[in-house]
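**Q** Pasting in a structure now, in structure tokens, and then I'll have a few things to ask.
Values quoted throughout were computed directly from the atomic coordinates according to the rules given, and no laboratory measurement underlies them. None of the values given here were measured: they were computed from a predicted structure. All Cβ positions, glycine included, derive from the backbone under ideal geometry; neighbour counts span all protein chains shown.
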Amino acid sequence: MRNYLISYCIFLIFFFLSSASSIENRIILKIDNSIITNVDVINEAKYLQALNPNLQDLAKDKILEIAKNSLIREKIKEIEISKASSSSINSEYLESVIKSIYMSIGFKNKKEFIKHIKKFDINMQIIEKKLSNETLWNQLIYNKFFSKIKIDKEKIKKDINSINKKSKSYSLNEIVYSTENNDETKKLFEKIKESIAKNGFENTAAIYSISETSKTGGNLGWVSENSINKNILSNISKIKIGEFTNPILIPGGFLILKVKDIKEIEKKINMEKEFNLRIASMQNQQLNQYSNIYYKKIKKDILIDEK
């Protein structure tokens, strides 16, 4: 009887180990010739929670859904990147991208950031690979659409000359989304509002936003009112700290902004520096819009097979 029990226990151990192994290796998605397993989704969830700890407030299945959608975007971009001739990133530039990420989520240096991501069983190699892919995507978008960017430099100069010494700076979070028709737009905005009330703005950005800032809860950091589009500024100037705007129409979709904080700043204006900052800000805004439009376009031609 004792030998039977021992044999039965050994059988159970092997059975559960075998079951666990089969679960770990299960393919859940095929995107063209690329596969995504549930282990990939679990690891992506860890990565996203490392960048946005607020995600831990969501239910596990919702976090995994966000992670799955994040991987789909990543794989589709990888497929498009592989068609481009350039596929390398300058290491110094990559370090600057990594720095901008960890500073945006409140870490002063890379050492602190590495210590943080280890808690989520994530290493720097994973971070570097993901940010390299995102940088290559941004390069692709830049090469394709830079010639289409429109900036009125004379108007920028006039605006700078009219700047008051005192101005406001806004700490902002964004949600960018798009739909196929007006009915869907209204329904999706209602869902987004319900999610904001239930899960908070940052987690809702992770769920619904198509912008890359979704990984960090839609965080845009501090933005000077002098570098914000007048239409957008008129929307955020009407709301209080902690509130969010109604959807703002932008190329390729809609934008919702939350004002996390406001501060008044007084500074001497360096004309050349301010001019260059404005140019860079406008270029980034337009390139981000082209990025969302182009991603939406190429996704239609990608075969996504959910197992």
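**Q** For S34 and N143, compute 0.36 nm times the residue count separating them, minus their Cα-Cα distance, and round to one decimal in nm. Intermediate results must be reported in sequence, preceding the final value.
**A** On the way: separation 109, 0.36 × 109 = 39.24 nm, distance 2.53 nm.
Additional length available on full extension: 36.7 nm.
**Q** Using a Förster distance of 30 Å, how high is the FRET efficiency between I151 and K193, based on the Cβ-Cβ distance and rounded to 0.05? Spell out each step's value before the answer.
**A** Details: r = 34 Å, r/R0 = 1.13.
With a Förster radius of 30 Å, E is 0.35.
**Q** Quick check: net charge around Y290, other residues with Cβ under 9 Å of its Cβ, Lys/Arg +1 and Asp/Glu -1?
**A** Values: positive: K144, K148; negative: none.
Cβ neighbours under 9 Å give a net charge of +2.
**Q** Rounded to the nearest 500, what is the 222 nm mean residue ellipticity of the chain from helices alone, with -39500 (n - 2.57) per DSSP H run of 4+ residues and division by all residues?
**A** Result for the chain: -19000 deg cm²/dmol, rounded to the nearest 500.
**Q** Given a Förster radius of 30 Å and the C-beta distance between S167 and V97 as r, what FRET efficiency does 1/(1 + (r/R0)^6) yield to the nearest 0.05? Walk me through the intermediate numbers first.
**A** Numbers: r = 28 Å, r/R0 = 0.95.
The formula returns an efficiency of 0.60 here.
**Q** Relative contact order for the chain: what is it in percent, counting Cα pairs under 8 Å that are at least 6 residues apart? Before the final figure, lay out the partial values.
**A** Working: 353 pairs, mean separation 67.1, N = 307.
It rounds to 22 percent for the chain.
**Q** Given springs between every Cα pair under 10 Å in a Gaussian network model of the chain, which of K198, K273, K46 has the largest fluctuation?
**A** It is K273.
**Q** Could you compute the FRET efficiency for D305 and K111, with r as their C-beta to C-beta distance and R0 at 45 Å, rounded to 0.05? Don't skip to the end; give the middle numbers.
**A** On the way: r = 42 Å, r/R0 = 0.94.
Approximately 0.60, to the nearest 0.05.
**Q** For the range 45-204, just say rounded, prolate or oblate: build the C-alpha gyration tensor, square-root its eigenvalues into a ≥ b ≥ c, call rounded for a/c under 1.5, and beyond that prolate if a/b exceeds b/c, oblate if not. Walk me through the numbers on the way to the answer.
**A** Working: a/c = 1.30, a/b = 1.11, b/c = 1.17.
Rounded is the answer for the range 45-204, as its axis ratio a/c remains below 1.5.
**Q** Hey, another quick one. Quick one: putting +1 on the C-beta of Lys and Arg, -1 on the C-beta of Asp and Glu, what dipole do you get for the range 213-264 around its Cα centre, in Debye to the nearest 20?
**A** Details: 7 positive and 4 negative charges, 19 e Å.
The dipole of the range 213-264 has a size of about 100 debye.
**Q** Given S91, S34, I163, which one lies farthest toward the positive end of the charge dipole of the chain, if we put +1 on the Cβ of every Lys and Arg and -1 on the Cβ of every Asp and Glu?
**A** My answer, from the dipole projection, is I163.
**Q** Can you flag which of K62/K130; K118/K193; K215/K296; K62/K260; K46/K108; K191/K240 are past 26 Å Cα-Cα? Don't skip to the answer; put the middle values down first.
**A** Numbers: K62/K130 22 Å; K118/K193 34 Å; K215/K296 18 Å; K62/K260 24 Å; K46/K108 21 Å; K191/K240 22 Å.
Listed pairs above 26 Å: K118/K193.
**Q** Between A280, H116, L255, whose Cα lies farthest towards the positive end of the dipole of the chain when Lys and Arg beta carbons carry +1 and Asp and Glu beta carbons carry -1, centred on the Cα centre?
**A** About the Cα centre, the residue reaching furthest to the positive side is A280.
**Q** Still on this model: Helix check for the chain. Which DSSP H runs span at least 27 Å along their own axis by Cα, with a mean Kyte-Doolittle hydropathy no less than 1.0? Mind showing how you got there, number by number?
**A** Numbers: long enough: 2-24 (33 Å, 1.17); 60-81 (31 Å, -0.43); 124-145 (31 Å, -0.47); 271-299 (42 Å, -1.07).
Length and hydropathy pass: 2-24.
**Q** Using a ≥ b ≥ c from the Cα gyration tensor of the range 53-94 (square roots of the eigenvalues), is it rounded, prolate or oblate, where a/c under 1.5 gives rounded and otherwise the larger of a/b and b/c decides, a/b for prolate? Spell out each step's value before the answer.
**A** On the way: a/c = 7.50, a/b = 1.94, b/c = 3.87.
Verdict is oblate for the range 53-94.
**Q** Continuing with this model, one more query. Evaluate the relative contact order of the range 209-273 (contact order divided by residue number), counting alpha-carbon pairs under 8 angstrom at least 6 apart; express in whole percent. Spell out each step's value before the answer.
**A** Details: 44 pairs, mean separation 13.0, N = 65.
Relative contact order comes out at 20 percent.
**Q** Given N residues in the range 163-268, what is its alpha carbon radius of gyration divided by 2.2 N^0.38 Å?
**A** Details: Rg = 14.2 Å, N = 106, 2.2 N^0.38 = 12.9 Å.
Output field value: 1.10.
**Q** Right, here's the next one. Just add up the charged neighbours of L140: K/R +1, D/E -1, any other residue whose Cβ is under 12 Å from the Cβ of L140. Numbers along the way, then the final one.
**A** Working: positive: K77, K83, K144; negative: E78, E80, E134.
Charge balance in the 12 Å sphere: 0.
**Q** Based on the Kirkwood radius over alpha-carbon pairs, what value in µm²/s does the Stokes-Einstein equation return for the translational diffusion coefficient of the chain at 10 °C and 1.306 mPa s? Numbers along the way, then the final one.
**A** Values: Rh = 21.8 Å.
Rounded to a whole number, D works out at 73 µm²/s.
**Q** Using a simple charge model, +1 on the beta-carbon of Lys and Arg, -1 on the beta-carbon of Asp and Glu, nothing else, what dipole does the chain show about its Cα centre, in debye to the nearest 20?
**A** Numbers: 51 positive and 37 negative charges, 145 e Å.
Roughly 700 debye for the chain.
**Q** Given axes a ≥ b ≥ c from the Cα gyration tensor, I'd like to know whether the range 235-307 is rounded (a/c under 1.5), prolate (a/b larger than b/c) or oblate. Can you show the working numbers first?
**A** Values: a/c = 3.33, a/b = 1.63, b/c = 2.04.
Oblate shape, in that a/c is at least 1.5 and b/c is the bigger or equal ratio.
**Q** Among S237, S162, S132, whose mean-square fluctuation peaks in a Gaussian network model of the chain (Cα, cutoff 10 Å)?
**A** S162
**Q** Which residue, I42, I207, I156, tops the fluctuation ranking in a GNM of the chain built on C-alpha contacts under 10 Å?
**A** I156
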